[in-house]
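**Student:** This structure is in structure tokens; I'll ask about it shortly.
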Amino acid sequence: MGTISGLPAHEALEKTARNLSHLVKVIDSEGVTAMLCPVQLGSFGGASPVTVDPALVNPQNLHHPMIFALLHYLDEGIVRHGEELVRSIERQLGEQEQELAGLRSGGWVKSLFRKGEINRKDAEFAERRELHGEAQARVAAARGRAEQLVEELRYMPIYRSGKLQIG
């Protein structure tokens, strides 16, 4: 992109980013994430023709809003919620581990009488460990995909909870 409103594109983008909260008040709200992204279909001149010459269509940055939406979904939806799930499973594993230790304590005679319950709890523990591994793998995969997308938006102004960040 060349110029926007007579300014070089990067200057226009920076100026708009600094003043966006005056135009869109919700941008300063906690929990709001937004990206300022100029897009362009082409240079059609000053006149408003009824039809557009296809040779003048030169899309720029049309993919950035979609990349931002996908990145936000991966980062906020899958990674953040996935990490919460992983921590929850870890807490459950800790509780189950203590419960198993309690069942196994008291010598071999008590353990013998609790064998069925211990085996059931061992199976539950193994299932929970498997869920934990699967949740960790989903988070790692989403994080990897998100990192690939971040490069595309490196210099885009992004607001997170009212704070302006450049890429």
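The values are calculated or read from the model by the stated rules, or taken from the named source; none is laboratory data. All of these numbers come straight from a predicted model, not from anything done at the bench. Reconstructed Cβ throughout: ideal geometry from the backbone, glycine too, with neighbour counts over all protein chains shown. Each accessible area value is taken on the protein alone, full model and side chains, heavy atoms only, with ligands, DNA and RNA left out. Shrake-Rupley method; radii C 1.70, N 1.55, O 1.52, S 1.80 Å.
**Student:** Cβ-Cβ distance below 7 Å, separation of 6 or more or different chains: which pairs start in the stretch 142-167 with a residue that is of a type in the set (S, T, N, Q) and end on one that is open to solvent by 30 Å² or more (accessible area, probe 1.4 Å) and not in a helix (DSSP H, G or I)?
**Tutor:** SER161/GLU30; SER161/GLY31; SER161/VAL32
**Student:** Please determine whether any residue of the stretch 21-44 is over 30 Å from LEU164 (Cβ atoms) and modelled with pLDDT under 85.
**Tutor:** yes
**Student:** From LYS115, LYS121, LYS110, which residue is among the basic types (Lys, Arg) and open to solvent by less than 60 Å² (accessible area, probe 1.4 Å)?
**Tutor:** Just one listed residue meets the conditions, LYS121.
**Student:** Based on this model, can you work out whether GLN60 counts as in contact with a strand residue (DSSP E or B) (Cβ under 7 Å, 6 or more places away or on another chain), surrounded by fewer than 16 Cβ atoms within 10 Å (Cβ to Cβ) and in contact (Cβ under 8 Å) with a residue 40 or more places away in the chain?
**Tutor:** Taking the combined requirement at face value, the residue satisfies it.
**Student:** Considering ARG104, ARG80, ARG114, which residue is among the basic types (Lys, Arg) and either modelled with pLDDT of 90 or more or under 30 Å from ILE166 (Cβ atoms) (or both)?
**Tutor:** None of the others qualify; the one that does is ARG80.
**Student:** Have a look at GLU117, GLU90, GLU97, GLU124 and point out the one that is within 28 Å of the chain's Cα centre (by Cα), in a helix (DSSP H, G or I), more than 30 Å from MET35 (Cβ to Cβ) and touching a residue at least 12 places away in the same chain (Cβ under 8 Å).
**Tutor:** Only one candidate passes the filter, namely GLU90.
**Student:** Output yes when any residue across the stretch 151-164 is open to solvent by less than 30 Å² (accessible area, probe 1.4 Å), touching a helix residue (DSSP H, G or I) at 6+ places or on another chain (Cβ under 7 Å) and either over 28 Å from ASN19 (Cα atoms) or modelled with pLDDT of 90 or more (or both), and no when none is.
**Tutor:** For the stretch 151-164, residues open to solvent by less than 30 Å² (accessible area, probe 1.4 Å), touching a helix residue (DSSP H, G or I) at 6+ places or on another chain (Cβ under 7 Å) and either over 28 Å from ASN19 (Cα atoms) or modelled with pLDDT of 90 or more (or both): absent.
**Student:** Can you tell which of LEU85, LEU131 is under 30 Å from ARG160 (Cβ atoms), open to solvent by 40 Å² or more (accessible area, probe 1.4 Å), free of Cβ contacts under 8 Å to residues at least 60 places away in the same chain and in contact with a helix residue (DSSP H, G or I) (Cβ under 9 Å, 6 or more places away or on another chain)?
**Tutor:** LEU85
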